[in-house]
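Only one structure is covered here, and it is reproduced in the block below.
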Amino acid sequence: MSSDLVRFSIAMPEDLLIAFDELVTRRGIAKNRSEVIRDLVRDALVDEEWDNPAQEIVGTLTMVYNHHANDLSDKLDSVQHTHHEQIISAMHIHLDAHNCLEVIAMRGSSDDIRSIADSLLGIKGVKHGRLTTTTTGKYL
Ligand code: NI
């Protein structure tokens, strides 16, 4: 895939263009219309990768829990060991005397990664969690 820039023109309703320019402004001084359109196209392609179960993707699961709760730490560890082939790294941060923050990086099919995330977030005692979907980058 060539990384040479190609120019093309886009037609859109004026109201949509005004809203788009406000979005460009909110994204900061380093962004212009072309950069923001490239970001939006990449976002759409990453979403498409996640809809394709045959494609390898990566994601991170962030969760916060109280490690005193029942045998929560053991349960979370057990799920992670079961899926050691998809879980490529985990970072554990002791937030205070009770709460832990864990960030887990995963690689595999979107079905597998969503299922592992659901298994972990579904364990009683997990206070908050979110799966962030991204890409290996090789198809963009
Ligand atoms: Ni901890």
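No lab work stands behind these numbers, since they all come straight from the coordinates. Every value quoted in this text rests on a predicted model; they were computed, and no experiment measured them. All Cβ positions, even for glycine, are placed from backbone atoms using ideal geometry, and neighbour counts span all protein chains on display.
Some points to look at:
- J(HN,Hα) series, segment 32-39, from Karplus relation 6.51 cos²θ - 1.76 cosθ + 1.60, nearest Hz, glycine and proline x: 10, 3, 4, 4, 5, 5, 4, 4
- Straight-line reach from LYS124: taking Cα to Cα under 23 Å and skipping same-chain neighbours fewer than 8 places apart, the lysines in range are LYS75.
- Each Cα pair under 8 Å and six or more residues apart adds its separation to the average, and for the chain the resulting relative contact order is 30 percent.
- Selected from ALA44, ALA11, ILE87, residue furthest toward positive end of dipole (segment 1-90; charges at beta carbon): ALA11
- If you take all other residues with their beta carbon under 12 Å from the beta carbon of ILE57, and give Lys and Arg +1 and Asp and Glu -1, the sum is -4.
- Taking the alpha carbon gyration tensor of segment 32-117, multiplying each eigenvalue by 5 and rooting it gives semi-axes of 31, 18, 9 Å, largest first.
- The average projected area of segment 1-73, computed from the convex hull of its Cα atoms over all directions, is 9.7 nm².
- Within a straight-line Cα-Cα reach of under 29 Å, LYS31 can be paired with the following lysines, leaving aside sequence neighbours fewer than 8 residues apart in one chain: LYS138.
- Most mobile of ASP111, ASP96, ASP15 in a GNM of the chain (Cα contacts under 10 Å): ASP15
- Given charges at beta-carbon only (K, R positive; D, E negative), |dipole| of segment 1-120 in Debye: 440 debye
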